[in-house]
Amino acid sequence: MTSGAKRRGLSGLGCLLGLVVMAAGCADRGPTNLYSKSLFGVNQQGANMAVDSVLNYANISGNESEIVVVLKNIGQHSTYGPIYGVLSSTDSCASPEVFGNNQVSATAVFGNRGQEIKPGDSVVGEAVDGYGDVVSPNYSYVVAYYCPKGNFILTATDPFGTTWPDGFSF
Amino acid sequence: MNRCLGFLKAWMPAALLLLAAPGWAAPGYQAALDQLAASLGAAQAPSVGSLAVAGFVDRQTHRRSPFCVKVEEGLRDRIIGAGRWRVLRAGQDPSGADALLSGTYTRSAGTVFLDARMTDSADGRVLWRGSTRFSDADFGAADFTLGAYQAGPDQGGSAASADAGGQAVAQGGGQVVPQEPGQVVPTMPGQVVPTMPGSYSPFYSPARLGLDFSAGYKLFLPLNSTFQSQVTTAINGFTLGMGFGDVLLMDFDLWNTSVSNIGTLDSLTYVGSDFSLVWPVRLGPALTVYAGPGGRFGWIQVNDPSTPDGDQVDLGNNGFIAVAGAKLYLGAAGLDLRYTYDLAYSYTGYHTLSLGVFYDFGR
């Protein structure tokens with residue numbers, strides 16, 4: 001039995017126990033919008049990951065800043081981590097680079113594998129190295145943007161392939 | 001045919017009169033009852049632990065009279081005195097007992113002919129049969145007044161009528177016979193006392209715990225048209241159940257069905273439960289029907305190989321349901337046939353039809 005199957009079994013038990021205490025019923029879990037239309041003809045709005053805040057810790061130099069991006073699910077359903085956010089720039093300057101612990105990547109990662117990100121949940125971006133692994137425990141990362149002012153696009157993608165582009169600047 | 005029956009009815013008292021001719025004098029009531037109880041006490045009935053004494057009626061009219069109550073009281077006292085069986089009190093639901101002692105009487109020319117029999121509550125099998133006769137000198141005319149009940153000493157002593165609390169029991173001809181307060185008239189196989197279903201106590205009696213466990217097959221017929229066209233119109237499922245006093249029913253359901261034409265979706269698995277609060281009506285010692293509202297709570301799990309390991313997509317499918325069913329008792333075990341219909345639901349409702357076997361720890 002895979003860990004996923006075990007999780008399903010335990011979740012079923014949890015659901016039944018929840019029912020015993022007269023919970024509100026069994027809630028949707030995960031991106032049900034991917035299946036609700038084809039299975040039941042029901043249109044649903046799924047998860048919607050948007051930039052909630054950008055913490056600019058320090059201007060390291062004229063074209064570099066140490067930042068932490070926080071994403072929030074403002075949609076109506078959940079999705080799962082990890083969500084990978086790729087930074088790009090709307091400026092005509094060179095592409096930004098994200099540095100974390102001296103590793104270079106244009107990608108930050110939000111949430112852990114298997115973590116359900118429910119509506120209203122916020123997840124903090126972490127720096128990843130060139131292999132996509134989280135550089136822990138340093139949450140903040142250095143963005144080199146090579147422009148007088150940085151205007152960025154963060155394109156977040158969840159494990160199901162759903163993408164949410166959002167912009168920010170500092 | 002009716003004429004033949006009429007002829008027999010007309011001559012039956014005369015035939016009985018011949019049987020009760022001088023030289024064949026009837027004994028007294030108390031001695032006759034002693035004799036009958038002694039015969040009953042020698043019956044071979046090892047499976048009987050508890051006994052209900054109820055349902056004596058006039059043989060011809062199938063109606064009750066105060067005499068019936070006195071006979072039941074007399075037999076009940078004697079059986080209790082013998083100490084062989086636990087005897088239910090007057091008014092207790094007879095279906096809670098292992099066996100039922102009931103019978104009929106005929107009165108002719110000063111003699112009462114009483115037939116009694118003990119039947120197994122589970123299957124209606126006759127375990128013992130006995131008869132006696134005695135003089136009616138110990139009784140007044142009022143004791144044999146059909147349909148006019150006068151309370152016995154253990155019901156409060158003074159006269160009471162149907163208006164004073166007795167329930168009504170419908171007879172085959174549409175007549176309504178007053179029933180003693182608290183008295184439950186049982187239906188046993190072969191006895192033609194058609195009682196109204198509502199005359200049975202709907203809830204379990206103190207003599208009956210009423211906790212049962214069941215397992216069975218459940219057929220799910222989805223109501224959602226998209227689901228019907230994209231997945232299936234019928235799903236075979238498995239169910240485990242619990243019941244409390246035939247009033248609170250809980251089912252835990254499981255089904256799985258394959259999906260072939262929606263992306264990489266492989267199958268769907270439903271894990272859920274439904275809870276129902278039903279009103280049981282006992283139509284006899286072996287049959288209970290019930291109906292009521294309830295709720296269905298569950299998840300339809302999406303089994304998609306492309307889903308990242310550890311992630312699960314579950315559609316919470318909850319509903320408000322109506323339930324109707326019947327339980328057939330074969331001893332402590334039995335069969336439960338149940339139908340449900342989803343009145344409101346999240347994604348899809350169902351017609352469900354289930355057939356299960358159960359074991360009742362309260363019988």
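Values quoted throughout were computed directly from the atomic coordinates according to the rules given, and no laboratory measurement underlies them. The shown structure was predicted, so the numbers you read here are calculated from the model rather than taken from an experiment. Heads up, the Cβs are rebuilt from the backbone with ideal geometry, glycines too, and the neighbour counts pull from every protein chain shown.
Scan around A:Ile83 for amide H atoms under 5 Å from its own, H built in the peptide plane at 1.01 Å from N, and keep only partners 5 or more places away or cross-chain.
When sequence neighbours closer than 5 places are left aside, the close amide H contacts are A:Phe110, A:Gly111.
Which ³J(HN,Hα) values in Hz, rounded to whole numbers, follow from the phi angles of region B:281-297 under the Karplus curve 6.51 cos²θ - 1.76 cosθ + 1.60, where θ = phi - 60° and Gly and Pro get x?
10, 8, 8, x, x, 10, 9, 10, 10, 8, 7, x, x, x, x, 10, 9
From other protein chains only, count the Cβ atoms within 10 Å of every residue's Cβ in A:35-45, then give the mean.
Working: counts 11, 6, 2, 9, 14, 13, 8, 6, 0, 1, 0.
Mean partner shielding for this stretch: 6.
So how far apart, in nm, are the two label points at A:Glu116 and B:Thr232 if each is 7 Å from Cα heading toward Cβ?
With each label point 7 Å from Cα toward Cβ, the separation is 2.5 nm.
Give the calculated FRET efficiency between A:Thr155 and B:Trp279 to the nearest 0.05, with a Förster radius of 45 Å applied to their Cβ-Cβ distance. Intermediate values should be presented prior to the final figure.
Details: r = 59 Å, r/R0 = 1.31.
According to the calculation, E is roughly 0.15.
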